[in-house]
1. SER233 passes all but one of (1) touching a Phe, Trp or Tyr at 6+ places or on another chain (Cβ under 6 Å); (2) at pLDDT 95 or above; which number fails?
2. Just give me the residues in the stretch 158-185 being more than 19 Å from LEU23 (Cβ to Cβ) and at pLDDT 95 or above, in sequence order.
3. Select, from GLU201, GLU192, GLU279, the only residue that is charged (D, E, K, R) and outside the structural domain of ALA26 (by TED's automatic domain parsing).
4. If only one of ARG222, ARG226 is at pLDDT 95 or above, farther than 24 Å from GLY83 by Cβ, among the charged types (D, E, K, R) and touching an Asp or Glu at 6+ places or on another chain (Cβ under 8 Å), which one is it?
5. Could you tell me which numbered condition LYS217 fails, if it satisfies all but one of (1) of a type in the set (D, E, K, R); (2) within 27 Å of GLY133 (Cβ to Cβ); (3) outside the structural domain of TYR169 (by TED's automatic domain parsing)?
6. With the condition kept exactly as written, say whether any residue in the stretch 6-14 is at pLDDT below 85 and surrounded by 19 or more Cβ atoms within 10 Å (Cβ to Cβ).
7. Could you check how many residues of the stretch 129-143 are assigned to a loop (DSSP other than H, G, I, E, B) and not β-branched (Val, Ile, Thr)?
8. If you check LEU67, LEU53, which single one turns out to be aliphatic (A, V, I, L, M) and surrounded by 24 or more Cβ atoms within 10 Å (Cβ to Cβ)?
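The values are calculated or read from the model by the stated rules, or taken from the named source; none is laboratory data. Note that this is a predicted model, so its numbers are computed, not measured. Every residue, glycine among them, receives a Cβ derived from its backbone with ideal geometry; neighbour counts consider all protein chains shown.
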Amino acid sequence: MFISRQERDAISSGSGKGTNVLLTVAIATAGRRETVADLIAHLGRQTRLPNLLAICPASVDDVDRGLCQDAPFPVEIIIGPKGLTSQRNALLASTPQSEVTLFFDDDFVPDPTYLAQCEAVFEANPDVVMMTGHVIADGILGVGFTLKEAEEFLAADPGVDDARLAPVYNCYGCNMAVRAGVARKAGLQFDETLPLYGWLEDVDFSRGLAAFGQIVKAPQCRGVHRGVKRGRSTGVRLGYSQIANPIYLVRKNRMAPSRALAQMSRNLAQNLARSLRPEPWVDRKGRLMGNLRGLGDFVLGRLNPAKIVDMP
């Protein structure tokens, strides 16, 4: 821990001095020490610094503590169980003073004005309880981007002329901001039944919070999702989650059946079509095997998202 609880409770007089919202950037990470370091450096270039950067690593070696100590804002390392949903819950529970909690994937590269624009959205729109920004380029759809490539995308992006907020069904987990007080009052948490990579945890949390206000996309909050492949679930695990998690969310009334069916069908079709000539960076055969295993468990009445914990 790099700041005391007393310092944390008085955080409004720290790096966010002169701002009106206590804004925490929260990062759950696993096995990406260098990627986290890149994000910390970019957060230091924000026109509006975070009041607190809270990091929950899967391992103590996943974060460069020396770099954290040198950051131009307070940093706190949160210890929690491994798994995206568990780590994000630990971040929420350990930052009770936060008014807006901004969850970034460790491989997200924000535009320098992202935090300032995010604060402005929540200040001007009290009915907004959750917000996601505009992803200029998403490396998850391909081989992924280097830090240099992500920075080049940001530099080349002209920005937006129309900054109107647009309602969305759910926020994108790589960059989503939550009005934390509303979530705390509602007792809302990330569902730890969705373990490890937490496939669709952003949909689940978004739909849970949607009962309390608006879920929006803010095009002026821009960034690049690098799509770093290191640290992600294996093909079989992800393939199983692509079937098990949507069905689980339908049963939980957190995902429309039509959306779940469309997503499962799309993933199954892609994995089947590309399994003969897979992309070098995607384990299509593993994903297809996981899809089929998930469908089999569904038919047999034993489908359970948590089963991936025991899969190779």
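1. Only one criterion in (1) touching a Phe, Trp or Tyr at 6+ places or on another chain (Cβ under 6 Å); (2) at pLDDT 95 or above is unmet by SER233, namely (2).
2. ALA166, PRO167, VAL168, TYR169, ASN170
3. Details: GLU201 fails: outside the structural domain of ALA26 (by TED's automatic domain parsing); GLU192 fails: outside the structural domain of ALA26 (by TED's automatic domain parsing).
Result: GLU279 is the single residue among GLU201, GLU192, GLU279 that is charged (D, E, K, R) and outside the structural domain of ALA26 (by TED's automatic domain parsing).
4. Answer to the check: ARG222.
5. (3)
6. Yes, the stretch 6-14 has at least one match.
7. Applying the first criterion (assigned to a loop (DSSP other than H, G, I, E, B)) to the stretch 129-143 yields 142-143.
Now narrow it down to the ones that are not β-branched (Val, Ile, Thr): 142.
Looking only at that region, the number is 1.
8. Numbers: LEU67 fails: surrounded by 24 or more Cβ atoms within 10 Å (Cβ to Cβ).
Answer to the selection: LEU53.
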